[in-house]
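J.: My questions will all concern the structure given below.
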Amino acid sequence: METLIKQHASTSISPYQRKVIMSSAAGFGLENMDVMFLSFALSSIIATLHVSGTQAGLIASVTNLGMLVGGVIFGLLADRYGRVKVFSQTIFIFAIATAAMYFANTIWTVYLWRFVAGIGAGGEYGCGIALIAECFPQRQVGKMTSVAAIGGQIGAILAALLAALILPHFGWHGLFLCGVLPVILIFFVRRHLKESPAFTALQQDKRTHQKATITALFKTRRLAWQTTALTIMVMVQIAGYFGLMNWLPAIMQQRLGISAASSSLWMIATIIGMSLGMFVFGAIMDKFGARRAFIIFLIISAVAVFAITLANNQWTLLLAEVLIGFFSNGMYGGYGAVISRLYPVEIRATANNTIMNVGRAVGGFSSMVIGFLMDRYNLLIVMLFLSLLYVLSLLTLLTIRNLRMVN
(Lines give C-alpha, C1' and ligand atoms only; values in the text may rest on other atoms or scores of the structure.)
Protein backbone atom coordinates (compact mmCIF):
# COMPACT_ATOMS: atom_id res chain seq x y z
CA MET A 1 0.00 0.00 0.00
CA GLU A 2 2.88 2.37 0.77
CA THR A 3 4.29 1.70 -2.72
CA LEU A 4 0.95 2.48 -4.36
CA ILE A 5 0.69 5.78 -2.51
CA LYS A 6 4.18 6.85 -3.59
CA GLN A 7 3.58 5.83 -7.21
CA HIS A 8 0.22 7.64 -7.37
CA ALA A 9 1.43 10.85 -5.73
CA SER A 10 3.11 13.25 -8.15
CA THR A 11 4.67 15.11 -5.21
CA SER A 12 5.84 14.00 -1.79
CA ILE A 13 3.13 13.55 0.80
CA SER A 14 3.25 14.47 4.47
CA PRO A 15 3.14 11.93 7.33
CA TYR A 16 -0.40 13.06 8.14
CA GLN A 17 -1.56 12.60 4.54
CA ARG A 18 -0.09 9.12 4.64
CA LYS A 19 -2.06 8.36 7.81
CA VAL A 20 -5.27 9.64 6.19
CA ILE A 21 -4.94 7.47 3.10
CA MET A 22 -3.80 4.43 5.08
CA SER A 23 -6.68 4.76 7.57
CA SER A 24 -9.25 5.26 4.82
CA ALA A 25 -7.87 2.35 2.79
CA ALA A 26 -7.86 0.14 5.89
CA GLY A 27 -11.44 1.16 6.69
CA PHE A 28 -12.61 0.40 3.16
CA GLY A 29 -10.65 -2.85 3.22
CA LEU A 30 -12.23 -4.06 6.44
CA GLU A 31 -15.67 -3.00 5.21
CA ASN A 32 -15.14 -4.93 1.97
CA MET A 33 -13.91 -7.92 3.94
CA ASP A 34 -17.25 -7.87 5.72
CA VAL A 35 -19.15 -7.69 2.40
CA MET A 36 -17.13 -10.53 0.86
CA PHE A 37 -17.71 -12.81 3.84
CA LEU A 38 -21.31 -12.99 2.61
CA SER A 39 -20.22 -13.89 -0.93
CA PHE A 40 -18.08 -16.80 0.23
CA ALA A 41 -20.62 -17.98 2.82
CA LEU A 42 -23.71 -17.63 0.62
CA SER A 43 -23.90 -21.23 -0.60
CA SER A 44 -23.31 -22.49 2.95
CA ILE A 45 -26.05 -20.21 4.32
CA ILE A 46 -28.46 -21.52 1.67
CA ALA A 47 -27.65 -25.11 2.64
CA THR A 48 -27.78 -24.74 6.42
CA LEU A 49 -30.81 -22.44 6.62
CA HIS A 50 -32.65 -24.13 3.72
CA VAL A 51 -33.52 -20.93 1.86
CA SER A 52 -34.05 -20.21 -1.84
CA GLY A 53 -31.72 -18.24 -4.12
CA THR A 54 -34.11 -15.29 -3.98
CA GLN A 55 -34.15 -15.30 -0.16
CA ALA A 56 -30.36 -15.57 -0.06
CA GLY A 57 -29.98 -12.73 -2.56
CA LEU A 58 -32.13 -10.58 -0.29
CA ILE A 59 -29.39 -10.73 2.40
CA ALA A 60 -27.17 -8.42 0.34
CA SER A 61 -30.14 -6.19 -0.45
CA VAL A 62 -30.96 -5.82 3.25
CA THR A 63 -27.32 -4.95 3.92
CA ASN A 64 -27.48 -2.22 1.29
CA LEU A 65 -30.71 -0.82 2.75
CA GLY A 66 -28.85 -0.53 6.04
CA MET A 67 -26.05 1.27 4.19
CA LEU A 68 -28.61 3.76 2.87
CA VAL A 69 -29.90 4.52 6.37
CA GLY A 70 -26.41 4.75 7.84
CA GLY A 71 -25.07 6.73 4.91
CA VAL A 72 -27.69 9.46 5.16
CA ILE A 73 -27.55 9.73 8.97
CA PHE A 74 -23.77 9.59 9.37
CA GLY A 75 -23.14 11.71 6.28
CA LEU A 76 -25.12 14.55 7.84
CA LEU A 77 -23.40 14.00 11.20
CA ALA A 78 -19.95 14.01 9.57
CA ASP A 79 -20.64 17.31 7.82
CA ARG A 80 -21.91 18.85 11.05
CA TYR A 81 -19.65 17.41 13.76
CA GLY A 82 -16.54 16.04 12.04
CA ARG A 83 -15.34 13.29 9.75
CA VAL A 84 -12.88 11.64 12.15
CA LYS A 85 -15.28 11.34 15.09
CA VAL A 86 -18.04 9.79 12.97
CA PHE A 87 -15.56 7.59 11.06
CA SER A 88 -14.55 5.72 14.23
CA GLN A 89 -18.16 5.26 15.36
CA THR A 90 -19.23 3.72 12.06
CA ILE A 91 -16.33 1.24 12.14
CA PHE A 92 -17.41 0.09 15.61
CA ILE A 93 -21.02 -0.49 14.50
CA PHE A 94 -20.27 -2.63 11.45
CA ALA A 95 -17.56 -4.62 13.26
CA ILE A 96 -19.79 -5.63 16.17
CA ALA A 97 -22.79 -6.39 13.94
CA THR A 98 -20.68 -8.60 11.65
CA ALA A 99 -19.34 -10.58 14.60
CA ALA A 100 -22.92 -10.96 15.87
CA MET A 101 -23.66 -13.08 12.78
CA TYR A 102 -21.98 -15.87 14.73
CA PHE A 103 -25.23 -16.17 16.71
CA ALA A 104 -27.59 -16.04 13.70
CA ASN A 105 -29.46 -19.30 13.16
CA THR A 106 -32.48 -18.15 11.16
CA ILE A 107 -32.77 -16.12 7.97
CA TRP A 108 -34.51 -13.34 9.93
CA THR A 109 -31.64 -12.90 12.38
CA VAL A 110 -29.27 -12.89 9.41
CA TYR A 111 -31.34 -10.09 7.88
CA LEU A 112 -31.27 -8.17 11.19
CA TRP A 113 -27.51 -8.24 11.73
CA ARG A 114 -26.74 -7.55 8.08
CA PHE A 115 -28.98 -4.49 8.24
CA VAL A 116 -27.15 -3.18 11.33
CA ALA A 117 -23.75 -3.93 9.78
CA GLY A 118 -24.90 -1.99 6.70
CA ILE A 119 -25.72 1.04 8.84
CA GLY A 120 -22.13 1.23 10.04
CA ALA A 121 -20.52 0.41 6.70
CA GLY A 122 -22.68 2.94 4.84
CA GLY A 123 -21.67 5.75 7.15
CA GLU A 124 -17.96 5.05 6.84
CA TYR A 125 -17.54 5.69 3.11
CA GLY A 126 -18.34 9.41 2.99
CA CYS A 127 -16.14 10.14 6.02
CA GLY A 128 -13.09 8.51 4.47
CA ILE A 129 -13.59 10.06 1.03
CA ALA A 130 -14.17 13.54 2.51
CA LEU A 131 -10.95 13.24 4.53
CA ILE A 132 -8.99 12.32 1.40
CA ALA A 133 -10.56 15.11 -0.68
CA GLU A 134 -9.76 17.71 1.97
CA CYS A 135 -6.20 16.57 2.73
CA PHE A 136 -4.84 16.25 -0.83
CA PRO A 137 -4.60 18.74 -3.72
CA GLN A 138 -7.40 18.41 -6.25
CA ARG A 139 -5.07 17.04 -8.91
CA GLN A 140 -4.31 14.06 -6.63
CA VAL A 141 -7.78 13.27 -5.30
CA GLY A 142 -8.69 10.89 -8.13
CA LYS A 143 -5.48 8.95 -7.68
CA MET A 144 -5.73 8.79 -3.91
CA THR A 145 -9.37 7.62 -3.90
CA SER A 146 -8.29 4.89 -6.32
CA VAL A 147 -5.56 3.85 -3.87
CA ALA A 148 -8.14 3.77 -1.06
CA ALA A 149 -10.44 1.67 -3.26
CA ILE A 150 -7.59 -0.75 -3.92
CA GLY A 151 -7.28 -1.01 -0.13
CA GLY A 152 -10.88 -2.23 -0.22
CA GLN A 153 -9.86 -5.02 -2.58
CA ILE A 154 -7.04 -6.04 -0.23
CA GLY A 155 -9.81 -6.56 2.31
CA ALA A 156 -11.58 -8.80 -0.19
CA ILE A 157 -8.42 -10.87 -0.63
CA LEU A 158 -8.16 -11.18 3.16
CA ALA A 159 -11.78 -12.37 3.20
CA ALA A 160 -10.96 -14.98 0.55
CA LEU A 161 -8.01 -16.30 2.53
CA LEU A 162 -9.98 -16.40 5.78
CA ALA A 163 -12.87 -18.15 4.01
CA ALA A 164 -10.53 -20.83 2.66
CA LEU A 165 -9.08 -21.41 6.13
CA ILE A 166 -12.21 -21.10 8.28
CA LEU A 167 -15.19 -22.36 6.23
CA PRO A 168 -14.08 -26.02 6.03
CA HIS A 169 -13.52 -26.25 9.80
CA PHE A 170 -15.79 -23.72 11.53
CA GLY A 171 -18.48 -22.96 8.96
CA TRP A 172 -19.93 -19.60 8.01
CA HIS A 173 -20.67 -18.67 11.64
CA GLY A 174 -16.97 -18.81 12.48
CA LEU A 175 -16.10 -16.77 9.40
CA PHE A 176 -18.33 -13.85 10.41
CA LEU A 177 -16.88 -13.87 13.91
CA CYS A 178 -13.67 -12.50 12.34
CA GLY A 179 -15.66 -9.33 11.62
CA VAL A 180 -14.67 -8.01 15.03
CA LEU A 181 -11.15 -7.27 13.68
CA PRO A 182 -11.97 -3.70 12.48
CA VAL A 183 -12.34 -2.59 16.12
CA ILE A 184 -8.53 -2.41 16.21
CA LEU A 185 -8.61 0.34 13.57
CA ILE A 186 -10.73 2.55 15.83
CA PHE A 187 -7.87 3.06 18.25
CA PHE A 188 -5.53 4.17 15.46
CA VAL A 189 -8.11 6.60 14.00
CA ARG A 190 -8.90 8.21 17.33
CA ARG A 191 -5.23 8.60 18.26
CA HIS A 192 -3.65 9.72 14.98
CA LEU A 193 -6.28 11.52 12.87
CA LYS A 194 -7.68 15.01 13.25
CA GLU A 195 -10.17 17.07 11.27
CA SER A 196 -8.97 18.59 7.99
CA PRO A 197 -8.06 22.32 7.87
CA ALA A 198 -10.88 22.89 5.34
CA PHE A 199 -13.51 21.44 7.67
CA THR A 200 -12.08 23.18 10.74
CA ALA A 201 -12.11 26.54 8.96
CA LEU A 202 -15.70 25.98 7.88
CA GLN A 203 -16.75 25.18 11.44
CA GLN A 204 -15.05 28.28 12.81
CA ASP A 205 -16.62 30.63 10.25
CA LYS A 206 -20.08 30.97 11.80
CA ARG A 207 -21.13 33.57 9.22
CA THR A 208 -20.91 31.23 6.22
CA HIS A 209 -21.29 27.83 7.85
CA GLN A 210 -24.63 26.16 7.24
CA LYS A 211 -25.73 22.80 8.55
CA ALA A 212 -25.70 20.07 5.94
CA THR A 213 -29.09 18.94 4.62
CA ILE A 214 -30.23 16.44 2.01
CA THR A 215 -32.14 19.20 0.19
CA ALA A 216 -28.83 20.97 -0.55
CA LEU A 217 -28.13 18.20 -3.05
CA PHE A 218 -31.21 19.25 -5.05
CA LYS A 219 -31.01 23.03 -4.68
CA THR A 220 -31.24 23.82 -8.41
CA ARG A 221 -32.64 21.90 -11.37
CA ARG A 222 -29.17 21.16 -12.76
CA LEU A 223 -27.85 20.11 -9.35
CA ALA A 224 -30.90 17.89 -8.80
CA TRP A 225 -30.32 16.06 -12.08
CA GLN A 226 -26.58 15.82 -11.39
CA THR A 227 -27.32 14.13 -8.04
CA THR A 228 -29.92 11.84 -9.63
CA ALA A 229 -27.70 10.90 -12.59
CA LEU A 230 -24.70 10.10 -10.38
CA THR A 231 -26.97 7.97 -8.21
CA ILE A 232 -28.16 6.02 -11.27
CA MET A 233 -24.55 5.40 -12.29
CA VAL A 234 -23.70 4.16 -8.79
CA MET A 235 -26.78 1.90 -8.88
CA VAL A 236 -25.35 0.22 -11.98
CA GLN A 237 -21.85 0.04 -10.47
CA ILE A 238 -23.15 -1.62 -7.32
CA ALA A 239 -25.48 -3.90 -9.29
CA GLY A 240 -22.47 -5.22 -11.18
CA TYR A 241 -20.23 -5.38 -8.14
CA PHE A 242 -22.52 -7.04 -5.60
CA GLY A 243 -24.34 -9.08 -8.23
CA LEU A 244 -21.14 -10.60 -9.59
CA MET A 245 -19.20 -10.83 -6.32
CA ASN A 246 -22.07 -12.43 -4.40
CA TRP A 247 -22.82 -14.99 -7.09
CA LEU A 248 -19.48 -15.74 -8.79
CA PRO A 249 -18.43 -18.24 -6.08
CA ALA A 250 -21.77 -20.05 -6.48
CA ILE A 251 -21.40 -19.96 -10.28
CA MET A 252 -17.92 -21.48 -10.03
CA GLN A 253 -19.16 -24.18 -7.68
CA GLN A 254 -21.99 -25.02 -10.07
CA ARG A 255 -20.05 -24.91 -13.37
CA LEU A 256 -16.79 -26.49 -12.20
CA GLY A 257 -17.96 -28.54 -9.21
CA ILE A 258 -15.41 -27.04 -6.81
CA SER A 259 -15.87 -26.53 -3.08
CA ALA A 260 -16.84 -23.30 -1.32
CA ALA A 261 -13.32 -23.02 0.14
CA SER A 262 -11.68 -23.51 -3.28
CA SER A 263 -13.99 -21.00 -4.94
CA SER A 264 -12.95 -18.37 -2.42
CA LEU A 265 -9.32 -18.78 -3.52
CA TRP A 266 -10.30 -18.58 -7.18
CA MET A 267 -12.11 -15.32 -6.43
CA ILE A 268 -8.75 -13.75 -5.63
CA ALA A 269 -8.18 -13.61 -9.41
CA THR A 270 -11.27 -11.44 -9.82
CA ILE A 271 -10.19 -9.22 -6.94
CA ILE A 272 -6.70 -8.77 -8.40
CA GLY A 273 -8.34 -7.83 -11.70
CA MET A 274 -10.42 -5.22 -9.87
CA SER A 275 -7.36 -3.76 -8.16
CA LEU A 276 -5.47 -3.46 -11.44
CA GLY A 277 -8.54 -1.90 -13.03
CA MET A 278 -8.81 0.69 -10.27
CA PHE A 279 -5.12 1.53 -10.60
CA VAL A 280 -5.42 2.00 -14.38
CA PHE A 281 -8.75 3.85 -14.13
CA GLY A 282 -7.24 6.37 -11.69
CA ALA A 283 -4.34 7.01 -14.08
CA ILE A 284 -6.67 7.46 -17.09
CA MET A 285 -8.96 9.73 -15.10
CA ASP A 286 -6.04 11.89 -14.00
CA LYS A 287 -4.67 12.25 -17.52
CA PHE A 288 -7.78 12.38 -19.72
CA GLY A 289 -10.57 13.39 -17.33
CA ALA A 290 -13.37 11.56 -15.54
CA ARG A 291 -15.81 11.63 -18.47
CA ARG A 292 -13.49 9.87 -20.92
CA ALA A 293 -12.35 7.35 -18.32
CA PHE A 294 -15.91 6.32 -17.49
CA ILE A 295 -16.90 6.11 -21.18
CA ILE A 296 -14.02 3.72 -21.96
CA PHE A 297 -14.67 1.42 -19.00
CA LEU A 298 -18.48 1.37 -19.35
CA ILE A 299 -18.36 0.41 -23.04
CA ILE A 300 -15.90 -2.41 -22.44
CA SER A 301 -17.81 -3.58 -19.33
CA ALA A 302 -21.01 -3.97 -21.35
CA VAL A 303 -19.17 -6.45 -23.59
CA ALA A 304 -16.81 -8.07 -21.06
CA VAL A 305 -19.56 -9.54 -18.83
CA PHE A 306 -20.34 -12.08 -21.57
CA ALA A 307 -16.84 -13.58 -21.25
CA ILE A 308 -17.94 -15.74 -18.34
CA THR A 309 -20.54 -17.50 -20.50
CA LEU A 310 -17.75 -18.72 -22.80
CA ALA A 311 -15.68 -20.26 -20.00
CA ASN A 312 -15.65 -24.07 -20.05
CA ASN A 313 -12.70 -24.89 -17.78
CA GLN A 314 -10.92 -23.40 -14.78
CA TRP A 315 -8.39 -21.43 -16.85
CA THR A 316 -10.86 -19.77 -19.20
CA LEU A 317 -13.04 -19.00 -16.19
CA LEU A 318 -10.02 -17.48 -14.46
CA LEU A 319 -9.31 -15.25 -17.46
CA ALA A 320 -12.98 -14.21 -17.69
CA GLU A 321 -13.04 -13.29 -13.99
CA VAL A 322 -9.93 -11.10 -14.30
CA LEU A 323 -11.36 -9.35 -17.38
CA ILE A 324 -14.73 -8.67 -15.75
CA GLY A 325 -13.14 -7.52 -12.50
CA PHE A 326 -10.76 -5.16 -14.31
CA PHE A 327 -13.36 -3.22 -16.29
CA SER A 328 -16.66 -3.68 -14.45
CA ASN A 329 -15.30 -2.70 -11.06
CA GLY A 330 -12.22 -0.70 -11.98
CA MET A 331 -14.46 2.39 -12.04
CA TYR A 332 -15.41 2.15 -8.38
CA GLY A 333 -12.60 4.32 -7.05
CA GLY A 334 -13.56 7.18 -9.38
CA TYR A 335 -16.98 7.94 -7.91
CA GLY A 336 -15.71 9.35 -4.63
CA ALA A 337 -13.29 11.65 -6.46
CA VAL A 338 -15.98 12.91 -8.86
CA ILE A 339 -18.54 13.53 -6.12
CA SER A 340 -15.97 15.30 -3.94
CA ARG A 341 -15.05 17.65 -6.80
CA LEU A 342 -18.65 18.42 -7.77
CA TYR A 343 -19.92 19.20 -4.23
CA PRO A 344 -18.52 21.75 -1.72
CA VAL A 345 -16.97 21.05 1.69
CA GLU A 346 -20.13 21.76 3.68
CA ILE A 347 -22.08 18.92 2.02
CA ARG A 348 -19.23 16.70 0.80
CA ALA A 349 -19.71 13.77 3.19
CA THR A 350 -23.49 14.02 2.82
CA ALA A 351 -23.20 13.96 -0.99
CA ASN A 352 -20.81 11.00 -0.99
CA ASN A 353 -22.82 8.96 1.48
CA THR A 354 -26.24 9.78 0.03
CA ILE A 355 -25.36 9.18 -3.62
CA MET A 356 -23.26 6.09 -2.94
CA ASN A 357 -25.69 4.50 -0.50
CA VAL A 358 -28.90 5.20 -2.40
CA GLY A 359 -27.07 3.60 -5.31
CA ARG A 360 -26.08 0.70 -3.09
CA ALA A 361 -29.59 0.25 -1.69
CA VAL A 362 -31.19 0.05 -5.13
CA GLY A 363 -28.29 -1.56 -6.99
CA GLY A 364 -27.92 -4.11 -4.22
CA PHE A 365 -31.23 -5.67 -5.24
CA SER A 366 -29.36 -7.02 -8.27
CA SER A 367 -28.17 -9.86 -6.04
CA MET A 368 -31.78 -10.88 -5.46
CA VAL A 369 -32.65 -10.34 -9.14
CA ILE A 370 -29.69 -12.45 -10.24
CA GLY A 371 -30.73 -15.14 -7.77
CA PHE A 372 -34.22 -15.06 -9.30
CA LEU A 373 -32.83 -15.23 -12.86
CA MET A 374 -30.46 -18.08 -11.97
CA ASP A 375 -33.35 -20.05 -10.46
CA ARG A 376 -35.34 -19.77 -13.71
CA TYR A 377 -33.04 -18.98 -16.65
CA ASN A 378 -29.48 -19.56 -17.85
CA LEU A 379 -26.28 -17.62 -17.26
CA LEU A 380 -26.51 -15.82 -20.62
CA ILE A 381 -29.72 -14.05 -19.51
CA VAL A 382 -28.02 -12.93 -16.29
CA MET A 383 -25.09 -11.41 -18.19
CA LEU A 384 -27.44 -9.75 -20.71
CA PHE A 385 -29.20 -8.09 -17.77
CA LEU A 386 -25.87 -6.72 -16.46
CA SER A 387 -24.74 -5.60 -19.93
CA LEU A 388 -27.89 -3.54 -20.45
CA LEU A 389 -27.30 -1.88 -17.08
CA TYR A 390 -23.84 -0.71 -18.18
CA VAL A 391 -25.36 0.75 -21.35
CA LEU A 392 -27.88 2.64 -19.18
CA SER A 393 -25.03 4.02 -17.06
CA LEU A 394 -23.19 5.19 -20.19
CA LEU A 395 -26.24 7.04 -21.52
CA THR A 396 -26.76 8.66 -18.09
CA LEU A 397 -23.11 9.75 -17.93
CA LEU A 398 -23.46 11.69 -21.17
CA THR A 399 -26.18 13.90 -19.63
CA ILE A 400 -24.08 15.23 -16.71
CA ARG A 401 -22.86 18.65 -17.90
CA ASN A 402 -20.54 19.46 -14.98
CA LEU A 403 -18.67 16.19 -15.43
CA ARG A 404 -16.95 17.65 -18.50
CA MET A 405 -15.14 20.08 -16.19
CA VAL A 406 -13.83 17.38 -13.83
CA ASN A 407 -10.22 16.55 -14.72
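The values are calculated or read from the model by the stated rules, or taken from the named source; none is laboratory data. Predicted model only: the values in this text are computed from it and were never measured. So basically every Cβ, Gly included, is an ideal-geometry build from the backbone, and we count neighbours across all protein chains shown. Ligands, DNA and RNA are excluded from the accessible area calculation, which covers all protein heavy atoms including side chains. Shrake-Rupley method; radii C 1.70, N 1.55, O 1.52, S 1.80 Å.
J.: So what J values fall out for the stretch 333-341 if you push phi through Karplus, 6.51 cos²θ - 1.76 cosθ + 1.60 with θ = phi - 60°, rounded to Hz, Gly and Pro as x?
T.: For the stretch 333-341, the Karplus curve yields x, x, 5, x, 5, 5, 4, 5, 7 Hz.
J.: Where does each of 350-359, 213-222 land if you order them by average Cβ count within 10 Å, highest first?
T.: 350-359, 213-222
J.: If you don't mind, another one. What nm value, rounded to one decimal, do you get for the distance between Y377 and F170 when each label is placed 7 Å out toward the C-beta?
T.: Placing both labels 7 Å along Cα→Cβ, they lie 4.0 nm apart.
J.: How many percent of the accessible area of the stretch 43-88 is carbon or sulfur, using a 1.4 Å probe? Don't skip to the answer; put the middle values down first.
T.: Working: 1070 of 1500 Å².
C and S atoms contribute 71 percent here.
J.: Could you sort the peptides 43-50, 116-123, 63-70 by per-residue average Cβ neighbour count (10 Å cutoff), highest mean leading?
T.: Numbers: 43-50: 15.9, 116-123: 28.5, 63-70: 26.2.
Most protected by this proxy first, the peptides run 116-123, 63-70, 43-50.
J.: Find which of W108, V141, A97 sits farthest along the positive direction of the dipole of the stretch 73-153, computed with +1 on the beta-carbon of Lys and Arg, -1 on that of Asp and Glu, about the Cα centre.
T.: Checked the options; the winner is V141.
J.: Sticking with this structure for a sec: Nearest 10 degrees is fine. How inclined is helix 379-397 to the longest principal axis of the chain, computing both from alpha carbons?
T.: Taking the Cα atoms of the chain, the angle to 379-397 is about 10 degrees.
J.: Further question: Find out how many positive minus negative residues lie around F94, taking Lys and Arg as positive, Asp and Glu as negative, among other residues whose Cβ is under 13 Å from that of F94.
T.: The answer is -2.
J.: For the chain, take the longest principal axis of its alpha carbons; what is the angle in degrees between that and the long axis of helix 348-363, to the nearest 10 within 0 to 90?
T.: With rounding to tens, the tilt is 20 degrees.
J.: Report the relative contact order of the chain, percent, no decimals, based on alpha-carbon pairs under 8 angstrom and at least 6 residues apart.
T.: RCO, the chain: 28 percent.
J.: Could you work out the helix-only [θ] at 222 nm for the chain, with each DSSP H run of four or more residues adding -39,500 (n - 2.57) and the total divided by the number of residues, to the nearest 500 deg cm²/dmol?
T.: Values: 17 runs with 331 residues, N = 407.
Estimated from H runs of four or more residues: -28000 deg cm²/dmol.
J.: If you roll a 1.4 Å probe over the heavy atoms of the protein chains, what accessible area per residue do you get for the stretch 3-118, in Å²?
T.: With all protein chains present, the stretch 3-118 gives 35 Å² per residue.
J.: Still on this model: Order these peptides, 139-149, 157-167, by their mean beta-carbon neighbour count within 10 angstrom, highest first. Present the calculation step by step, with values, prior to reporting the outcome.
T.: Values: 139-149: 26.0, 157-167: 20.8.
Result, highest mean Cβ count within 10 Å first: 139-149, 157-167.
J.: Which one is right for this structure if Kirkwood radius over Cα pairs in Å is calculated from it: (i) 22.0; (ii) 20.8; (iii) 24.9?
T.: The value computed from this structure is option (ii).
J.: Now a separate question. Which angle between 0 and 90 degrees, to the nearest 10, do you get for helix 221-256 versus the longest principal axis of the chain when only C-alpha atoms count?
T.: Compared with the principal axis, the helix lies near 30 degrees.
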